[in-house]
């Protein structure tokens, strides 16, 4: 699986990829690294756990095409260009991320709770923008301080 730009993938490349992407070295029951393979895990943002094994010694022993395709697809879950960008340039693969864009006019939860605790009805809170909510909160705190 070598290309004009890259050599045949080997165990060192595999190890470099894992260390660059900050995979965690798996330890056995005794707390020591596993001896027969170098085993890594990566916990993704969506709670999936990727696991890969590199046979010892971690050297320049190359992988066969079918084995390497399996490692890329099932263990590392990247394509070859992303793998080589990580190994060559240190560019981490795009593993996606949770998409939860907050509306532009969203109020911070602490401010919603503070206004509610100060007696502002929920329907009124929901009609406020961030600046208006902050202003109302400051005004209510000022009034409360004057009364005490």
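Any read-out appearing in this document is the output of simple, stated calculations on the displayed coordinates, not a laboratory observation. The structure displayed is predicted, hence computed values, not measured ones. Ideal geometry is used to build each Cβ from the backbone, glycine not excepted, and the neighbour counts take in all protein chains shown.
Points to keep in mind about this one:
- Of (1) 54, 19, 12; (2) 36, 20, 10; (3) 25, 19, 11, the label for semi-axes √(5λ) of the Cα gyration tensor in Å derived from the coordinates: (1)
- Judged by the gyration tensor of its Cα atoms, with axes a ≥ b ≥ c, segment 11-89 is oblate; a/c meets the 1.5 cut and b/c is at least as large as a/b.
- If the chain linking residue 48 and residue 30 were pulled fully straight, counting 0.36 nm for each residue of separation and taking away their Cα-Cα distance, it would gain 4.0 nm.
- The chain: angle of helix 130-147 to the longest principal axis, Cα-based, in degrees nearest 10: 50
- Value of [θ]222 nm, deg cm²/dmol, for the chain, DSSP H segments ≥ 4, -39500 (n - 2.57) each, nearest 500: -11500 deg cm²/dmol
- Taking packing as the residue-averaged number of other Cβ atoms within 10 angstrom, the listed peptides 118-128, 17-27 run from highest to lowest as 17-27, 118-128.
- If you take the Cα centroid of segment 105-148 and the Cα centroid of segment 24-62, the two points sit 51 Å apart.
- Length released on extending from residue 22 to residue 140, taking residue separation times 0.36 nm less the Cα-Cα span: 37.6 nm
- Residues of segment 16-33 with amide N under 12 Å of a point placed 7 Å along Cα→Cβ from residue 56: 28, 32-33
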